[in-house]
1. Put +1 on the Cβ of each Lys and Arg and -1 on the Cβ of each Asp and Glu in the stretch B:10-240; which of B:Met119, B:Gln198, B:Ile41 then has its Cα farthest toward the positive end of the dipole?
2. Give the long-range amide H neighbours of C:Phe80: residues separated by 5 or more places, or on another chain, with amide H under 5 Å away, using H modelled in the peptide plane at 1.01 Å from N.
3. For chain B, what does the convex hull of the Cα positions come to per residue, in cubic angstrom?
4. Quick one: 3J(HN,Hα) in Hz for the stretch B:18-27, Karplus 6.51/-1.76/1.60 with θ = phi - 60°, rounded, Gly and Pro as x.
5. For C:Lys201, go through the lysines and keep the ones whose alpha-carbon is under 25 Å away, minus same-chain ones fewer than eight residues off.
6. Putting +1 on Lys and Arg Cβ atoms and -1 on Asp and Glu Cβ atoms, find which of A:Ala174, A:Phe21, C:Thr116 reaches farthest to the positive end of the dipole of the protein assembly as shown.
7. Dividing the Cα radius of gyration by the Kirkwood radius, what Rg/Rh value follows for the stretch B:1-101?
8. Residue farthest toward the positive end of the dipole of the protein assembly as shown, with Cβ of Lys/Arg at +1 and Asp/Glu at -1: which of A:Ala130, A:Val39, C:Thr244?
Amino acid sequence: MDLSALASQLLVGLSRAMILFIVSAGLSFVLGVLRVPNVFHGSLYMIGAFVAFTIAAWAGEPALGLALAIAAAPLVVALVGLVVERTLLSHLYQREHLMLILFTFGVMLILNDVVKLVWGADYRSILPPAALQGMASAFGLALPRYNALLLGAGPVVAVAMWLFTHRTRVGTIARAAAVDREMVGVLGIDVSRVFALAFVVGCYLAGLGGALVAPTTSISLGMDHTIIIEAFLIVTIGGLGNIWGALVGSLLFGVTQSVGLLVWPQFAVVFPYLATVIVLLARPTGLLRSVW
Amino acid sequence: MTVPVRRPARASAGAAVALLAALALFPVVGPAFAVYVLALILVTGLLALSLNLVLGYGGLYQFHHAVFYGVGAYTLAVAVTRGGWPAWLGFLAGPLAAALAGLLIGWFCVRLTRLYFGMLQISLGSLLWIVVLRWYPVTGGDNGIHDIPLPAVLQSVVGAYYLILAVVALSAGVLYLIVRSPFGITLQAIRDNAQRCQTVGVDVRAHQIGAIVIAAFFAGTAGVLYVALERSVFPNLLFWVLSLEIFVMCLLGGWFTFAGPMLGAALMVALRTVIGRYTDLWTMFVGIILILLIFFMPEGVAGTALARLRARGAGAGGRG
Amino acid sequence: MTTGARLLWALLAAVAVVTVGVAPASQSAPAPQLGRNIKVGVVDTYSGPPAVFGNDALNGFRLAVNEINREGVLGARIEFVTRDERFSPEIGLSVARELVLQERVDVLVGTINSATALAISAFARDQRLPFIVWISKSEAITGARGHRYVFSTGENTAMAGKALAEAMARRPYSRFWLAAEDYEYGHAITNSFWRFMKRIKPEVILQGQTWWRTGEPDLVPYLTAIASARPEAVFFGTGGAGMTNVLRAMKTTGFSDRIPSMIHTAIDHAVLRPLGAGAPEGVMGTIDYLFYHPDTPANRAFVQAFQTAYGGPPGFPAFHAYNTAYFIAQAYRKAGALDREKFIDALEGLRIDSPVGRIEMRACDHQVVLPLFLGVTRRSPRFPDFLVATDIQTIRGEDVMPTCDDIRRARGQ
């Protein structure tokens, strides 16, 4: 095994981790602020991919199509999230957690059939523009161009989330609500609106992950099942509600899988799970401090 | 979230006997498919009952209960097909293996509370699921194990039905006694106020682990009964979606009542059978029903019915 | 009476409701000769990722049933009821039971899901009811786990694996890599290919193998890892969404330009069409049905009728299901009665004219004998929007099927 192959492999693994990070950051943010593990987060990711497909197909021209899809599909998903939150979820905040979780499960069941009704069962696919097809090489490392783009997307989202939670008023309040929601209520802030915003941001990230992954995969029913369980594991090993934890968890996931492929390709699938169990046995509350 | 603890009244016992008698006579009059559906309801119902011991009575976020169901089913399947064990030994090993899995997973989970408990359980459960999915030589991977050789008497639906009826009735009885036992009462006290129980010297964790182990044992029992009925096992038996479905059954029937989850399982299985005939959008229907329940009937069908009956009973001066 | 007692009475009422809810379905109107209509129960996946194949098969079946019912089968018609197994065997088993015990079907057909097919197969044997598998390619169905009551109207992993191994053995490669999706079909097709490869060309070396999880969205990491090991040729075992993903990743990484790659059903238009220009050229694949080959009147007529009815060309599932309906009709005509055992006797060795020519239901293992087509993905002026198979070679089914002796050995007879 030569060193450049190993490095290339790591980079590809990192680019995969970026998608996982974007999706699980959204899950983690909602979990932190609302204390709801959103079971339909995976469905939103799937919807993001399908909407991206529809937009790209409508635009026709690949470069414009992809740009529009990545810009608009997450917004559509965020809108779905907003509607669900305002019409239904917002009436349940006083209820028990179990009810909230079951509610999100119910929405998942409905959304999955809605996707089937709207887009049918055929496999869909987005062709990236010519500039993003094929391999890019730099410093002797070969990497698919689109994966290079993904490598950039992860840090952008991480920085944007940091700015949002630290430099905007509403973001700071959301972060405070994650730590102590009574306190925020006492300060006379409308907690319900903070929750709505946090939920919509989480949904946006799910949609963004779906739109970004769309050009690399076949967009089909069932793509929600894998991502949701991985996102749950990542959020758990990272520390519930901690966005940086989601980043650490995603990297652990992506890199163990990538390295696993090189050292023991037959059982590479098991590596991320193995890493998860080792982390959880050592630190049942996750690597980073949970927000609650 | 309090369950009134009452001594089993004579009328309740009478109703239980009547129900048992009706169930026992059912195969004589009912069509074969109805017998099968009823058997499936009993198996699923036992699974939901066992979940409710930890969920409703223990107040624990048991998010991945299906794992114990799957462990029970797979233990029997693997023991008989790969190990060549006699079926009866497999039937015993299944629930015991599930209880062992409950001990392991429970031991880690009870160190955490509420949502963290649930998330950790989903993680650990998913690990078991991926092992089952990946370990082809033993578990058959995603294909599962089919055509499991069991005693001839179980080859007919009616034979399997009677075994299931007997075991489920016995298990439900034992669960009922456990809920009413000092252990069960302490468990409910821990659910309502763990801190106070701790201060008066109750070993909270030990009780919680105990409850998880018992619940896992009966989930494993349901698992081996599933194999008795279908003679097949699949990885879906320990997939997280099934865990949430059992949750829905408990909610649907009402998790503040002992028999509610059984009723919820009956409704879900019957709904699936009926709706599945007319549409392939049945999951959407379940989703809509679930959301309606959460909004309008959070205590479930049984819970709501009980509340109504109690209100009326109080008005009529209580005939009980 | 206590509230608890009332609850138990409510449960009793629920039992009654179940009884009523599943009461026997009405019988169909009587027809002459056969006495009543033939009732077929269809169990297949109509939700989840493989629904595209389930729907295609159902369309092909419906088309054939409509054609058959125009003249009827001994004065009767074929009716069918469908049930969605949602790609989950426990639902499949449950609905199969319903179709047999409740709807009283004469024949069960389905399914894309190998696990469901094997589970229903065992159930059908216990019920002594014919079950015809029309998409699942698991060789166990008519091989090691075969029995009197199960049939397959599609090619299987044993046939495809041998066809590809023979094609590869003629090429100068000896260092192979096996890469497959980690599910039953992936294992079955890959094991079959390698088993035959070693038998035909004992000097081949297995350089390494890779397994990816079902639903893995981006397969680029897997391909780059394989490419860095520089094998001489790679066999991929996957289908459906996984196939689309691996083809797309090949295009992205230029994998198939550098390393000869082969996949069973890589030339299926159900995967090539959605990929459009995103599909890689030069991938070798096999399949048992192509709507543009052979270019015979029979195939053109089938494609034309299918296209008119459903707005797109038929895929291999539609082809299998179309043939299945004709096998059922012919077998009842031959049997002359709605009798399960007579039906099976009639179906054994039965030959029908399919869109690709005459095909036979082999008597010894109930596996259909039909040709396979080997081709390479290329652009073609005939179809500007997607890649098709070119350099098509036809492989006779009997040349790649296990012999009847092999089958008997596999079944431990």
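1. B:Gln198
2. The answer is C:Val40.
3. 147 Å³
4. Whole-Hz 3J(HN,Hα) from phi for the stretch B:18-27: 4, 5, 4, 4, 4, 5, 5, 7, 3, x.
5. Filter leaves C:Lys137, C:Lys162.
6. The listed residue farthest towards the positive side: A:Ala174.
7. On the way: Rg = 17.3 Å, Rh = 16.4 Å.
Looking at the stretch B:1-101, the ratio lands at 1.06.
8. Result: A:Val39, furthest along the dipole toward the positive end.
None of the figures in this text is laboratory data; all of them are computed from the coordinates on show. Predicted model, so just to flag it, every value in this text is computed and none were measured. Don't worry about glycine lacking a Cβ; one is built from the backbone with ideal geometry, like all the others, and counts go over all protein chains shown.
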